[in-house]
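Below: the structure, in structure tokens.
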Amino acid sequence: NNQGGGGGGYKQNYNNNNNSGFGGGGGGGFNNNNNNFGGGQQSGTGGQQSGGGGGAGFNNNNNNNNIMSQFINRDDELLVLILPDGIRGSELKAKFTKLIQSKEYFNRNIIIQCIQNQTCKKLNACLGTFEDIMIKFGNIPYIIDPLLPNGNHNNINIDLSWVWGIDVSHVRDKPSVACLSISRSPFQGSLRDMHFFNHLNPSRKEIIAFSNMITLAFRGLEDCYNTILKSNNNNNNNEKLPLAIFVFRDGVADGQIEELFTKEVVGIQRAITIFRNKYKLKKWKPKLQYILCNKNTIDRFGLLDQKTGLCRSLNKPCVIYDHVLSDRLWDFIIFPYHYKKNADRTKGVRYIVLFDDLKLSKKCGAALDLFQFIFALTYMFAFSIPFPLGGTAQPAPIVYAKHYAESFSQSILSNDKQLKSLKINKNLNNRPHIITQTVFQQNKKNNNNNDNE
């Protein structure tokens with residue numbers, strides 16, 4: 001099972017097996033059996049191997065930082081990793097990223113961009129890779145004006161609104177990963193003003209526990225606040241805390257909505273209160289909008305053709321908001337049509353407003369602003385630029401949370417026994433950081449340290 005290429009070779013070395021290589025691997029390689037990185041010529045016991053390689057190997061222990069330093073310079077900011085196609089490439093991506101960025105290993109503040117071998121032969125795809133690199137470095141390739149019907153600063157002030165996304169990723173035989181994404185500039189297509197945090201749930205558990213939700217929200221608020229203070233001091237900015245926080249949650253079953261509200265919605269409210277008290281921000285009272293997004297609806301709808309009497313697919317974006325859906329909840333379906341996308345396969349997304357602190361449901365025309373606000377957010381997942389098939393199925397905050405939850409789940413390996421092995425370099429702002437203690441455990445620890453002193 002050897003794959004070789006100009007940039008690296010891959011080898012699985014099993015005893016008493018006949019191993020043969022495809023060409024030679026120059027530069028770096030990866031030995032999956034012994035966790036060895038590097039080229040290095042190797043052979044299997046009792047077997048036969050062909051294919052060469054050069055360079056030094058890397059063994060997964062504490063004495064190998066010096067070896068990795070031969071390949072990575074102190075001032076390096078970006079590594080572009082060319083991966084073999086298929087599942088092997090995914091394994092290499094997860095393990096190499098963890099090796100470079102994890103605190104337990106090389107612990108470097110280096111951005112990693114991966115590209116598959118077959119993609120290197122396609123010019124446009126390669127240009128897309130460089131766009132992703134720009135976004136990860138904080139460049140802003142585009143900005144969107146949502147064009148709210150009643151203005152961008154009346155019912156919803158887009159300049160003083162933050163958007164959060166929450167999603168939980170489930171992988172068999174692994175803990176479920178809950179990810180919180182926070183964007184301080186919702187309509188800025190970049191990772192510059194974004195923050196990501198992860199928490200591990202028990203396997204297959206969708207709802208985040210009350211104390212864990214408090215911790216996720218509090219850590220997010222605290223990190224954003226410290227970033228704002230640092231930016232205002234260094235760059236003479238005047239960024240302020242938001243007047244409204246929009247939380248978009250990936251869908252759960254209707255039978256779990258009540259549990260979701262008591263644990264997650266109330267947990268975020270409690271986190272805001274704890275944050276205000278800690279930093280003595282008594283005048284800061286943000287409005288909370290909590291919106292559940294369920295794309296797995298069983299609804300099917302279309303437009304009645306008056307001439308033929310047949311029902312045909314919609315040919316423009318629309319919102320279904322009448323009481324045909326529910327009388328006890330404020331819910332609506334947004335159909336995100338795009339002319340290049342197959343309309344028959346485009347599904348509407350059901351949104352349920354669980355908490356309406358801005359009272360948009362009671363203001364004349366404010367609901368239209370909310371519909372437009374949500375639709376504009378489907379074009380804010382920067383990695384999808386230039387959106388050849390239209391926006392994403394769900395708002396960008398959820399898509400970011402889903403993306404990084406799945407990516408983090410892949411980085412959890414069978415040899416990870418402690419949460420500290422999942423921590424990454426603290427200066428990596430565009431990667432999710434794992435939370436290992438609840439805010440209550442941290443406060444108790446600090447109180448004990450003060451008592452000891």
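The values are calculated or read from the model by the stated rules, or taken from the named source; none is laboratory data. Remember, it's a predicted structure, so these values are computed and weren't measured experimentally. Here Cβ is always computed from backbone atoms with ideal geometry, including for glycine, and neighbour counts include all displayed protein chains. Surface areas here come from the heavy atoms of the whole protein model, side chains and all, with no ligands, DNA or RNA. Shrake-Rupley method; radii C 1.70, N 1.55, O 1.52, S 1.80 Å.
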Stokes-Einstein D in µm²/s, Kirkwood radius over Cα pairs - segment 320-418 at 4 °C with 1.567 mPa s viscosity: 81
Segment 142-252: radius of gyration and largest Cα-Cα distance (Dmax), Å: 16.0, 49
Of every Cα-Cα pair in segment 315-359, the percent that sits beyond 15 Å: 50
Reciprocal mean inverse distance between Cα atoms of segment 72-169 - Kirkwood radius, Å: 16.9
Radius of gyration and Dmax over the Cα atoms of segment 273-359, both given in Å: 19.0, 66
Cα pair distances in segment 166-313, grouped into 5 Å bins until the bin that holds the longest one, percent each: 2, 8, 14, 19, 16, 12, 9, 6, 5, 4, 2, 1, 1, 0
Highest to lowest packing among 194-200, 393-399, 155-161, scored as the average C-beta count within 10 Å: 393-399, 194-200, 155-161
Electrostatic dipole magnitude of segment 250-384 [Cβ: Lys, Arg +1; Asp, Glu -1; Cα centre; debye, to 20]: 740
Convex hull of segment 113-188 built on C-alpha atoms - directionally averaged projected area, nm²: 8.2
Apportionment of accessible area to carbon and sulfur, segment 304-437, percent (1.4 Å): 52
Solvent-accessible area per residue, Å², over segment 124-240 with all protein chains present [probe radius 1.4 Å]: 44
Heavy-atom accessible surface of segment 152-289: percent carbon and sulfur, 1.4 Å: 46
Sequence of W162, W284 from largest to smallest accessible area, 1.4 Å probe: W284, W162
